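Beneath this line is the structure, given in structure tokens, with notes to follow.
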Amino acid sequence: MKELMISTDRLFIAEMTLDDAEFILKLLNTEGWKKFIGERNVNNKQEAEVYIRKIIDNPNFSYSAVRLKGGNVPIGMVSMIKRDYLDHHDIGFAFLPDYNGKGYAFEAASAVLNHPSTLAVHTKILATTLKHNSSSIQLLERLGLVLDKEIKVEGKELFLYNVGVDELLLNQLTHRFFGIFNNTNEDQPDWGMINETCLPEAIFIKKTGLEEEVYHLQSFIAPRRKILSDGTLKEFKEWETLAETKISGNIAQRFSKYEKSGALNGTSFKASGNKIFQFIKTWEGWRISAVVWEDVTAG
């Protein structure tokens with residue numbers, strides 16, 4: 001995780017340096033840090049520099065500062081730490097109060113979790129949180145981590161969460177698949193991405209009541225390419241709202257709930273439904289081998 005450098009839509013994330021001393025002094029003395037993480041007795045810039053130096057010199061610690069793009073303003077941090085009492089690294093995050101509730105923590109933590117440097121060196125990632133820290137619990141679950149058990153550390157009762165790297169990869173793959181078909185803001189679908197997400201032999205099945213339409217890859221793409229490029233279907237986007245993934249060796253299955261919206265022949269619509277994905281792990285990584293979907297509401 002050293003030398004991590006990530007750019008997202010709104011943020012720039014890079015390994016913390018001594019130049020972040022004033023920011024870390026402010027962060028460590030916020031009410032949220034002291035309540036949910038603990039007192040660090042860092043009371044001036046010099047002590048903040050010592051604190052950062054200890055992090056930099058510890059190979060089991062990686063702290064990344066999160067900055068807003070444009071003004072380069074530091075607003076929070078994301079950490080990856082190998083703790084003595086845990087078998088794998090755990091992810092942590094903390095943000096200044098003025099930047100809570102704006103989606104920055106999710107954007108930053110998700111970027112770190114799904115970065116190639118993370119996926120390359122970890123098989124599982126953990127997280128701990130105090131049982132009464134509801135905002136942290138909600139964020140961990142939104143990131144895809146699953147509650148494993150309760151543990152007690154230094155007299156504190158904690159929830160221990162975990163997620164496997166294969167599940168993170170499948171989250172990425174599914175997100176890319178949903179994004180292929182979006183043409184909002186005059187963007188055009190990236191049809192080349194379909195070959196990076198699906199097997200050439202993949203099967204697609206649309207269910208409508210007790211009837212089904214079965215497609216192979218090219219017969220699935222062709223009509224969608226046409227209506228998404230000729231003006232028939234505009235401002236279309238589709239996104240996953242809930243997912244449950246089960247992995248067994250080199251095969252996996254995912255049940256998804258999704259929503260979609262757009263304008264078909266000039267008439268706006270919204271719909272939701274269910275999808276079932278089947279995946280296999282190949283030499284090139286995970287790929288989609290089959291998709292079955294059914295719209296359940298429309299309007």
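Lys102 contributes about 100 Å² of solvent-accessible surface, heavy atoms of the protein only, 1.4 Å probe.
Please list Ser272, Ser219 in order of solvent-accessible area, largest first, computed with a 1.4 Å probe with all protein chains present. Provide the component values of the computation, followed by the final result.
On the way: Ser272 30, Ser219 55 Å².
Largest accessible area first, the residues go Ser219, Ser272.
Couplings 3J(HN,Hα) of region 233-245, computed from phi: 10, 10, 6, 8, 8, 9, 8, 7, 10, 7, 8, 9, 10 Hz, in residue order, whole Hz [Karplus 6.51 cos²θ - 1.76 cosθ + 1.60, θ = phi - 60°; x for Gly and Pro].
Which angle between 0 and 90 degrees, to the nearest 10, do you get for helix 217-229 versus the longest principal axis of the chain when only C-alpha atoms count? Value to nearest ten degrees: 80. Here the accessible area of the chain is 50 percent carbon and sulfur, with a 1.4 angstrom probe and all protein chains present.
What's the FRET efficiency of Thr184 with Lys124 using the Cβ-Cβ distance as r and R₀ = 45 Å, to the nearest 0.05? The formula returns an efficiency of 0.80 here. The 3J(HN,Hα) values that the Karplus relation (6.51, -1.76, 1.60; θ = phi - 60°) gives for region 278-288 are, in residue order, 10, 10, 9, 8, 10, 4, 8, x, 5, 9, 7 Hz. Gly and Pro appear as x. A Cβ-based charge dipole, computed about the Cα centre of region 132-234 with Lys and Arg at +1 and Asp and Glu at -1, lands at about 200 debye. Only one residue of Ile288, Ala94, Leu11 has its Cα farthest out toward the positive end of the dipole of the chain, where Lys and Arg carry +1 and Asp and Glu -1 on Cβ, and that residue is Ala94.
Quick one: which of Lys206/Lys237; Lys82/Lys257; Lys131/Lys275; Lys54/Lys124 span more than 29 angstrom between C-alpha atoms?
Details: Lys206/Lys237 18 Å; Lys82/Lys257 34 Å; Lys131/Lys275 33 Å; Lys54/Lys124 25 Å.
Cα-Cα > 29 Å for Lys82/Lys257; Lys131/Lys275; rest within.
Rolling a 1.4 Å probe over the protein heavy atoms leaves Ser136 with an accessible area of roughly 10 Å².
Under a Cβ-only charge scheme (Lys and Arg +1, Asp and Glu -1), can you give me the dipole magnitude of the chain about the Cα centre, in debye to the nearest 20?
Numbers: 36 positive and 40 negative charges, 51 e Å.
The dipole of the chain has a size of about 240 debye.
For region 175-299, the ratio of Cα radius of gyration to the globular rule of thumb 2.2 N^0.38 Å stands at 1.06.
Between amide H atoms placed 1.01 Å from N, distances below 5 Å from Val66 occur with Ile75, Gly76, Met77, Val78, all of them 5 or more places distant or on a separate chain.
What number, rounded to the nearest 500 deg cm²/dmol, is the helix-based mean residue ellipticity at 222 nm of the chain, given -39500 (n - 2.57) per DSSP H run of at least four residues and division by all its residues? Don't jump to the answer; show the numbers that get you there.
On the way: 9 runs with 85 residues, N = 299.
Rounded to the nearest 500, it is -8000 deg cm²/dmol.
Rg and Dmax over the alpha-carbon atoms of region 45-137 stand at 14.0, 40 Å. In this Cβ point-charge picture (+1 for Lys and Arg, -1 for Asp and Glu), region 210-271 has a dipole of about 200 debye about its Cα centre.
With a 1.4 Å probe rolled over the protein heavy atoms of all chains, the accessible area of Leu18, Leu168 falls in the order Leu18, Leu168, largest first. Largest accessible area first, the residues Ser64, Ser268 order themselves as Ser268, Ser64 under a 1.4 Å probe with ligands, DNA and RNA left out.
What accessible area per residue, rounded to a whole number of Å², is obtained for the chain using a probe radius of 1.4 Å?
Here the residues of the chain average 54 Å² of exposed surface.
Output wanted: per-residue J couplings in Hz (rounded whole) for region 152-167, from phi through Karplus 6.51 cos²θ - 1.76 cosθ + 1.60, θ = phi - 60°, x for Gly and Pro. In residue order, the calculated couplings are 10, 10, 6, x, 9, 8, 10, 8, 10, 10, 8, 8, x, 5, 4, 5 Hz.
Measuring only protein heavy atoms, the 1.4 Å probe finds Asp187 accessible over about 90 Å².
Taking +1 at the Cβ of each Lys and Arg and -1 at the Cβ of each Asp and Glu, which of Thr123, Val146, Leu170 sits farthest along the dipole of region 119-170 towards its positive end, judged by Cα position relative to the Cα centre? Highest projection toward the positive end goes to Val146. Provide the net charge surrounding Tyr104, with neighbours chosen by a C-beta distance below 12 Å and charges set as Lys +1, Arg +1, Asp -1, Glu -1. Every neighbour counted, the sum reads +1.
The values are calculated or read from the model by the stated rules, or taken from the named source; none is laboratory data. All figures in this text were calculated on a predicted structure; none of them were measured in a lab. Every residue, glycine as well, gets a Cβ built from its backbone with ideal geometry; the counts of neighbours run over all protein chains shown. What goes into the accessible areas is simple: the full protein's heavy atoms, side chains included, and nothing from ligands, DNA or RNA. Shrake-Rupley method; radii C 1.70, N 1.55, O 1.52, S 1.80 Å.
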